[in-house]
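Colleague: Structure in structure tokens, see below.
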Amino acid sequence: MYYVGIVGFTGMVGQELTRIIEQENNKELKIAFRMNSSERIGNAKDCDVVFLATRDKESMMNAEEMRSLGLRVIDMSGAFRLSVEEFEKWYGMEHAKPELLEEAVYGMPALFKERIKDANLVANPGCYPTSVILPLHPIQDLIVGEATVVSTSGNSGARRTVEDESNDITYSFGRRHKHVPEMRRYSGVSVNFTPIVLRSVFRGINTNIRVRLNDDLASLSEEEAVKVLEDRIRSAYEEEDLVFVVRDTAEKSYGTKDINNTNRLVVKVRVDDGHAYINSLVDNLGKGAASQAVENMNLMLGLPRFNGIEPAYKCL
């Protein structure tokens, strides 16, 4: 039996973590400590690992407390994903615990599985960056220039309720969003980014990326170039990474319904006039947050990678 703590257990991601861990068939895990801004339930010292489902400022302080107790920490905020300089520039605040950055490992199992296993502090990726990094990282040497990224997200990334009337909000567009340096750092590609929140939709991210192909790839036919890109993305990941490269057909068009409540990421690729157009689909509460965090925990504890994720999330 492993004992788990959740700081921020009443928030959206905290509730999603609780749902996964407290499944009836999940015999290996038990939540022994819960904390939010007004209460503590249980004792953090009893835990093997603690999730911080808190904002950046709170995560810095909570991470120090939990690490001082000798606990392993998975942080869901942006506090430990970047360098001190990048964090302070993009998040607009002083980093209170820069010494902890030295031990932080970026929590994307598809890229850093072996490092995560031994990590004491894991910085769980953002949901938008997950949808951008996984398709771009394997093809960074096949493209040139800056990637233009436009993403829509369900409202659960910000709040638990949806609006009855359609209301789509574009914000922090261009190169101003705090996730831009995270995307650039871990994909190897410079990006501009337009996020759009769909206030009448609950969950799901639909990311669309436009990149210019290098001369060698642009000289191929469009179908040949598509196959090169598809093969590169597909071969970069193991089966357990759950990155699926697909094509729409007359019978099937892939959308957020194919990734919501799953731990998968679906990628579609097209090429037109020397540019690649990549569609990436991910659940912002699942692989973009809670289920990827549980993957990290399982790796850290030596459990099967999808322990507790199934059947809370469909993996295949």
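The values are calculated or read from the model by the stated rules, or taken from the named source; none is laboratory data. Quantities reported herein were computed from a predicted structural model and do not represent experimental measurements. Note that each Cβ is placed from the backbone with ideal geometry, even for glycine, and that neighbours are counted across all protein chains shown.
Colleague: Here are some residues: GLY157, GLY188, GLY174, GLY145. Which one is under 25 Å from LEU111 (Cβ atoms) and modelled with pLDDT under 95? Before you say what the answer is, go through the steps one by one.
Modeller: On the way: GLY188 fails: modelled with pLDDT under 95; GLY174 fails: under 25 Å from LEU111 (Cβ atoms); GLY145 fails: modelled with pLDDT under 95.
After applying the criteria, what remains is GLY157.
Colleague: In the same structural domain as THR18 (by TED's automatic domain parsing), of a type in the set (Ser, Thr, Tyr) and crowded, with 22+ Cβ neighbours inside 10 Å: does that describe SER280? Explain how you work it out, then say what you get.
Modeller: On the way: in the same structural domain as THR18 (by TED's automatic domain parsing): no; of a type in the set (Ser, Thr, Tyr): yes; crowded, with 22+ Cβ neighbours inside 10 Å: yes.
It is false that SER280 is in the same structural domain as THR18 (by TED's automatic domain parsing), of a type in the set (Ser, Thr, Tyr) and crowded, with 22+ Cβ neighbours inside 10 Å.
Colleague: Would it be correct to say that LYS113 is touching a residue at least 12 places away in the same chain (Cβ under 8 Å), among the basic types (Lys, Arg) and assigned by TED's automatic domain parsing to the domain that holds ARG55? Lay out the reasoning, then the answer.
Modeller: On the way: touching a residue at least 12 places away in the same chain (Cβ under 8 Å): yes; among the basic types (Lys, Arg): yes; assigned by TED's automatic domain parsing to the domain that holds ARG55: yes.
Judged against the criteria, LYS113 is a match.
Colleague: If we scan the stretch 258-266, do we find a residue that is more than 19 Å from GLY145 (Cα to Cα), hydroxyl-bearing (Ser, Thr, Tyr) and under 25 Å from the mean Cα position of the chain (by Cα)?
Modeller: Restricting attention to the stretch 258-266, the residues satisfying the condition of being more than 19 Å from GLY145 (Cα to Cα) are 258-266.
Next cut, hydroxyl-bearing (Ser, Thr, Tyr) only: 262.
Filter again for under 25 Å from the mean Cα position of the chain (by Cα), leaving 262.
The answer is yes, given that some residue of the stretch 258-266 is more than 19 Å from GLY145 (Cα to Cα), hydroxyl-bearing (Ser, Thr, Tyr) and under 25 Å from the mean Cα position of the chain (by Cα).
Colleague: Tell me, which strands (runs of 3 or more DSSP E) wholly within the stretch 238-301 include 3 or more residues that are touching a helix residue (DSSP H, G or I) at 6+ places or on another chain (Cβ under 7 Å) and either under 28 Å from GLU114 (Cβ atoms) or modelled with pLDDT of 95 or more (or both)? It would help to see each step written out before you state the result.
Modeller: Details: elements: 243-245, 265-272, 275-282.
Correct list: 265-272, 275-282.
Colleague: Go through (1) surrounded by 15 or more Cβ atoms within 10 Å (Cβ to Cβ); (2) in contact (Cβ under 8 Å) with a residue 40 or more places away in the chain and name the single condition SER190 misses.
Modeller: Among (1) surrounded by 15 or more Cβ atoms within 10 Å (Cβ to Cβ); (2) in contact (Cβ under 8 Å) with a residue 40 or more places away in the chain, the lone unmet condition for SER190 is (1).
Colleague: Residue under question is GLU146, and the condition is that it be part of a strand (DSSP E or B) and in contact (Cβ under 8 Å) with a residue 12 or more places away in the chain; does it hold?
Modeller: Numbers: part of a strand (DSSP E or B): yes; in contact (Cβ under 8 Å) with a residue 12 or more places away in the chain: yes.
Yes; evaluated as a whole, the condition is true for this residue.
Colleague: Restricting attention to the stretch 238-245, does a residue exist that is farther than 18 Å from ALA110 by Cβ, surrounded by fewer than 20 Cβ atoms within 10 Å (Cβ to Cβ) and not assigned by TED's automatic domain parsing to the domain that holds PHE9? It would help to see each step written out before you state the result.
Modeller: Initially, the stretch 238-245 is screened for residues farther than 18 Å from ALA110 by Cβ, giving none.
No; the residues of the stretch 238-245 include none that is farther than 18 Å from ALA110 by Cβ, surrounded by fewer than 20 Cβ atoms within 10 Å (Cβ to Cβ) and not assigned by TED's automatic domain parsing to the domain that holds PHE9.
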